1. Report D for chain A in µm² per second (integer): Stokes-Einstein, Kirkwood Rh on Cα pairs, 20 °C, 1.002 mPa s.
2. Which helices, taking whole DSSP H runs in chain B, have alpha carbons extending 15 angstrom or more along the helix axis plus mean Kyte-Doolittle at least 0.0?
3. Ignoring everything except DSSP H segments at least 4 long, calculate the 222 nm mean residue ellipticity for chain A; use -39,500 (n - 2.57) per segment, divide by total residues, nearest 500.
4. Counting other C-beta atoms within 10 Å, and keeping those with at most 15, which DSSP coil chymotrypsin sites (Phe, Trp or Tyr not before Pro) do you find in the range B:124-211?
5. Note the full-extension length gain between A:D64 and A:A84 as 0.36 nm times their separation in residues minus their Cα-Cα distance, in nm to one decimal.
6. Expressed as a rounded percentage, what relative contact order does chain B have, with Cα pairs under 8 Å and six or more residues apart?
7. Taking the Cα centre of each part, how many Å lie between the range B:110-133 and the range B:279-302?
8. Nothing charged except the Cβ atoms of Lys and Arg (+1) and of Asp and Glu (-1): what's the magnitude of the dipole of chain B about its Cα centre? Round to the nearest 20 debye.
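Just so it is clear, none of the values below were taken in a lab; they were calculated from the coordinates. Here the structure is a predicted model, which means the values were calculated and not measured. For neighbour counting, all protein chains shown are included, and Cβ atoms are generated from backbone atoms with ideal geometry for every residue, glycine included.
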Amino acid sequence: MSLYTDIGGEAAVNAAVDIFYRKVLKDARISHFFAGVDMDQQAAKQKAFLTLAFGGPNKYSGADMRRGHAHLVAKGLNDSHFDAVMENIGATLTELNVPANLIAQAAAIAESTRKDVLGK
Amino acid sequence: MPKITYGGQSFECGEQSVLECLTAQGVSVPHSCGSGVCQTCKMQAVQGTVPVAAQAGLKPTLAAQNYFLACVCHPQEDIEIALPEQKIARIEAKISGIEYLNAEILGIRLKPAQPFSYRAGQFINFYKDEATSRCYSLASVPALDHDLLLNVRKMPGGHVSGWIAESLRAGDTVNISEASGDCFYVPGYAAQDILLIGTGSGLAPLYGIIRDALANGHTGRIKLYHGNYSAAGFYLVDELRKLERNHPNFTYVPCVSEQGAQAGYEQGMVHDVALRDNPSLSGWRVFLCGHSEMVKAAKRESYLSGAAIKDIYADPF
């Protein structure tokens, strides 16, 4: 069984995305990076990111991650912001009663994008 | 083997997705994730039905208009498809009535020269000439109104609204587009609470959506907050009060933003009043129409107050 199936597949991603993105927008450490963005488009991107973190089907490459965040890195996006996002992912999955071992696996996948997201 | 028709040409997809097939034929379709998630490759079926799997994750209003995601669409039957912005046909319509609803908003009734399909809350382009048009929302409901109804605010120096107010009379023929937009009521979840917030002539689509929901037997609360700078900005008040009397689940709250308390009106920015009255929107459906800054702020606030993104429909002017 894959992580994606264990965690609940697309239904789990759909449930997680609203909770996760709401946490992100309420998080004063990172909310300013989302000022003025289109919420519908951004939610779709968050869904793609969570699908990736949950080990689901995705075709994102490290290069996509770099390109997609370069403008934010230019605005000061750094490790502390990435840590805040990681925290919000963990809190979202905890809220959805996902078992700790699966949360750890998802967190490890999300963590693996850190260098690309931060353009290092 | 099902065929897909795009831009007058037909292709056979074989094992490929619609996106792969079009791309292989040299058709440029915006796309990104390739796995049915990011919705960048959204297209619309204008003929034929696409598999349900190709609509997973789309808002119900988009699915109802046969939008689908090309990257995960494997057609089971012949379909004709278009990119979202294509499909604009012009239609002649005769003005059957034109009158002021208040000092600056005109109510216009139109009879299209051919069958006209739309959803209450969608908008049309209204053409002054080849190069000049404006979008106006429909206040009418297909099942309830014979004519199309528009609420046009006369803008200071407005090229189109000024022309409408000065030059157009009942009996004149004008050109309009087909209806588009995804801010409308989809039947189902009849017990869901609905919050509607509008400013100025943003009431037009909301008036259609409310009557459409009530005609569909919606049982959840339907709460309308209409905002204007001053009391002079309100219109359709008698109609809305009558709806309130006939439907106990519908409430109408007029809000004025200018300072000074006025009897019968809530004081404050309309979205502040609406969100203060309804602090938890978890499970609600939300419709936002009018001033773009209000719509943007209200969209964010509604979401932070618990409404799911797929349940928030917005139509900024």
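1. 148 µm²/s
2. Helices passing the filter in chain B: B:203-215.
3. Computed ellipticity for chain A at 222 nm equals -21500 deg cm²/dmol.
4. B:Y189
5. Fully extending the segment from A:D64 to A:A84 adds 5.1 nm.
6. Relative contact order of chain B: 13 percent.
7. 27 Å
8. About 440 debye.
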